[in-house]
Structures are given as C-alpha cells and as structure tokens.
1. Using Cα pairs closer than 8 Å and at least 6 residues apart in sequence, work out the relative contact order for the range A:6-65, in percent.
2. If each DSSP helix of 4+ residues adds -39,500 (n - 2.57) and the sum is divided by the residues in chain B, what number results at 222 nm, nearest 500 deg cm²/dmol?
3. May I ask you to derive the relative contact order of chain A, considering only C-alpha pairs under 8 Å and at least 6 residues apart, and to give it as an integer percent?
4. Name the residues whose placed amide hydrogens come within less than 5 Å of the amide hydrogen of A:Arg211, ignoring near sequence neighbours (fewer than 5 apart) on the same chain.
5. Give the Cα extents of chain B along the principal axes, in whole Å, largest first.
6. Report ³J(HN,Hα) in whole Hz for each residue of the range A:50-65, in order, from the Karplus equation J = 6.51 cos²θ - 1.76 cosθ + 1.60 where θ = phi - 60°; Gly and Pro get x.
7. Output the 0 to 90 degree angle, nearest 10, between the alpha-carbon long axis of helix B:146-163 and the longest principal axis computed from the alpha carbons of chain B.
8. As a check on your grasp of the helix formula, calculate [θ] at 222 nm for chain A: sum -39500 (n - 2.57) over DSSP H runs of n ≥ 4, divide by the residue count, round to the nearest 500.
Amino acid sequence: MTEHVIETKNLTKQYGTFKALDDVSLTIESGSITGLIGPNGAGKTTLMKMLGGLVFPTSGEMSLFGESSIKGLEHSRSRMSFMIETPYAKEGMTARENLEKQRIQKGIPEKKRVEEVLEMVKLSNTGKKKVKEFSLGMRQRLGIANALLAGPELMVLDEPINGLDPEGIVEIREMLLQLNREQKITILISSHILSELSLLCTDYVFINQGRLIERLTKEQLDRECCDYFRIRTLDNEKATAVLTNSLGIRKLEVGEDGAIHIFEGFERIPEISRALYEADAIPVELARNETNLEEYYMRKVQGGSIC
Amino acid sequence: MLNIIRSLTYFVKRDPVLLLTLFTCLVFPFVNVFVSGADMPFSDVTGSVYAIGHGADMGMFLMFGIMVLTTRISGTDCADKTINYELMMGHSRVRAYYARVLVSGLVGGGLLWIISLLPLGLLTLLNGWGSNGDMFNILLRAALSLLPFLRMATLFSVMTLVLGGFGKGLVFSFLFFDMESLAVSMIEEYTSFRFGALLGYSDIQDMLLYNNCKSVVVDGHIVNLYETGMAPGRILASVIGAVISILIISVAGCIWFRRKDRQ
C-alpha cells in the first residue's frame, strides 16, 4: 500500500476576509515528485509554510507521515526539509559557515556532510565569500544544499530553480531526479517554469485563489492534454476534401499556421499520408502536436481554450 | 534545545557585532579607570576605589552592552528568518524561544556581568582592596546585581522576539530604557509602589551606587565615607522582583511566540 507522506483535510487559512487557502484536501504519496502549480498568490507558499509549521491553519487538519498531533508533526518535520521563498541565510557568513550552523542545529554528527552537500550543489569553491556577495543562483544552491543536509525523506521546495542559469537548472533537475530515483526521496515542488516541472514531476496539483482545482498524475495529464496532427500539404483544398470525403475525418481545421489540424484518427496516419499522396495533395510536413503543461495550466487556471 | 543553543553559540562566536560589543565592554572599564584616575598614582586605584567610584557608571555602560547583545542574539535569526529552519526541522516553538532567551540571558546578562567584575578583580589583585569600602558589602551587592541584570536581559530579549528583529528590538529597548527611568522616578515619587524592582534599570544602578562619598583622615589614614544607594530591604525586593519579572516576562513572551504565524 502506498504511504501518504502528506495528507491535508479541508485546510483553510484566513487572514481577515481573505482566504489564502480554502478547504484544501490533498494527499502526496511516498516516492512521488509532485508539482504544485498556480499563479502568484494562489496559496502555494501558504500551504508549504503550513506544512513546515510556520503558519497555523484557521481550520482543517493535516498529517505528515501519518502523524497529526502537535508532537507527531514536529517529529515528522525532522524527516523533512524545506526551502521556502528566497533561501534564508546569514548574510555575514560564508556558505560553509551557514551550513555548519544548520548542521549543528539539526544535530547531524558527521561534519563532512557539509562538504558533501556543498560539492553536490557546486558551492565548494566559494571559500571565504560571504552570502551577501552571492548571486541569486548561488543563494538558491545554498538553499538546496541546506535542504539536502539532513538527508530528508521528503523535500518541500518553493521555486528552487528561480534565478538559476540554464546549466544550473539542468543540474538541479538531474539531482532531484537522482535523489528521487536512488534515495526514494519524495518531493513537493512549486515553480513558475512549467516546462521544467513537466520534465520532473510524476504528479501535478493545480491551485488557484486558495482552492485546489485539480490533481492528476503525469499519465492522466498526458491523456487530458488535447493533441492534434499538423499536416502541411501542397494543396490544402484538395487535401481537406480527401480527408473529409474519402477518409471520413470530421474534426479538422486549417490553423493559423496554414497547416491542416486533425483532431481524430491518429492511428490512421499511414493511411492518411498515402491517400493524400495518391490524390496529389502531397504532405510536406506531418507532425504530432501535443498540449504542454503550460497550455494546460492556462486552460485550468486562467480559463483559456486550447482546442 | 541543546542543538539550538549550540547553533546560537556558533553564531555568537562569529558575529562581528557581538564580538565588537563584548570587546568594547571588556576594554571600556579599564580605559575609564585610567582616564578618570589620571590624577592619582595607579597604585592608589584599589578594588574599593574602583567599586565606589565607578561601579554605578559601569552598570549604566554595561546596560547598553546588554541591550546590543540580547537584541542581536534574539533578533538576528528572526530578521533573516533563519529561525524558520528550526521550526521546519521540527524543533518546537517553545524550545526555539527559550533557547534564545537563555543564550541572550547567559551572554547578555551573565557574561557581561562577569566582565563588569573583571576590573574590580584585577585592580584588587594588583593594588589590593584598599580601605574605601567594606569588601563583603560591596561584593554581595555586585553579586546580587546579577539577577536584575538578567531581568533586563530577559526583557530586551523577549521584546526583540516579539517585535521580530534586531533593529526593532534595539530601538524599542533603548526607548524603553530611556522612558522607564523617567516613569519609575515619577511613580516612586508619588506612590509607595516600588516599580523599579520589577522592570526598571534604576534598581541596578542604586544597588551599585555609593552616595555622598567623602574623604576623612582617621589616625593619619585617608578613609572614604559613603551612603549606600539602596537599603538592604530594597535590595531583597529587587532580587525577588527580578526573579518574578523574569518568569512573568518570559512566559508571556512564550505564549505570544507560540501562537504567532511566521512569515
């Protein structure tokens, strides 16, 4: 049976009349990488802060690793690590000193662990450089190093790749995937770079205006994404006639890109190709077009249409 | 809680503001002794001369040291939010809170109190105690002043934790310290309530103050006569008041700290 590492029931956080979180019920399964997706102010950070014990819910319940009492939650948090908003650090200290302070606070006996995580996030060569001289990307790396320090079973990461250069984004992605695969670390991650999340996540949670609007697995998302075949021919008029009259395809349109978009009969592509060729409507481009996470998000959160 | 205390100690040892403040508090009394005692030979500056002449002034100076140290230790982690890591790691709020109050008290109150006694000890070692004051009386008062020092350290620390930052804590502690002296003297002028024993700084100063000091010659020896700034009964009230205040202030602060959302 899959263990629920996070479970919330009707979690609500209200500031005056504003509901930052509204009745959120959610489960995160062990071993998953769940992307928390939503616009600014949707409630992602509030939810993460609630999981971290920084913010108290107005109503509702939550359990971490099956524990829901105050003591139990505190104990469960020792199995987790968090990186919320801009990574917190002592500006006047070096990366090594910051991590050493955290190592002591977390009660990690192995001193070499600091060097290991610095190596992992490629900050081991920062020497005596103080954090106040760090770029945003370096701060992010330090935050990730801190999250890795205690060898957590569950990582909660709020915008961890924000400010990283493309090379850094790939490195962090690869590292998170490796941690998930090899050490079975469960990850809850939010990011505005949805293309990155789509390369990383096994599950998606969409949240907007404090409410959970959809939760689905990667497979479900793939199925949900409306896709079409784009066919560019030398004679669109003739091709459209072949597709509708000879092959009986009804769901099609000529797109703004000048190509014919067909929304059904994907399994008949070889037959379609042959028919067009024989009708002298020679296909010069034939490609599958899939809706990506970004477009799906726009549809879900902003009510946009893709089909 | 021990791990939080250790990590705070790690910070204390590396923070330039804290180290500079401790260094200043260590050096200033000696500088003061040498500057104000420039008109007499160094060998005449005995332990009792220092205690009677500079004790209360040093108390006032060290109060500013306490302010900086306690607000810095309690407030820096709140301002840069690194305190959040402790809570997200599973440390309870009570432990995170009391670790700060404790380290602030030990460093800001205890360590500074020891530093305040160093010139007294050193001058006594070098030049002897002298005949300007009763050693037991003065040392007892100096020892008992630890509790009001801790009371002030607790107050500044809790105020900083409630306000949520070093800068805010320092400004409000200074304002409180400034206003309190005026308020205490006014209240005590018109009522019989000894307000200073619970919250004020004036008790510490009075405890270390020796008034109307004058020199007389007895059997060919110069002897300084003085009145103590605080009667024994008031000293006891100040010590008991300090313990009560520490308990009330720290518990009240803890209740607030436990319930507050952290951003």
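1. This gives 46 percent for the range A:6-65.
2. On the way: 11 runs with 188 residues, N = 263.
Estimated from H runs of four or more residues: -24000 deg cm²/dmol.
3. Working: 535 pairs, mean separation 60.4, N = 307.
The normalised contact order for chain A reaches 20 percent.
4. A:Asp22
5. 71, 44, 27
6. 5, 5, x, x, 8, 10, 8, x, 6, 8, x, 10, 8, 9, 10, 6
7. For B:146-163 against chain B, the angle is about 30 degrees.
8. Details: 11 runs with 107 residues, N = 307.
About -10000 deg cm²/dmol.
The values are calculated or read from the model by the stated rules, or taken from the named source; none is laboratory data. On a predicted model such as this, the values are computed, not experimentally measured, just so you know. When the accessible area is computed, the model is the full protein with side chains, heavy atoms only, and any ligands, DNA or RNA have been set aside. Shrake-Rupley method; radii C 1.70, N 1.55, O 1.52, S 1.80 Å.
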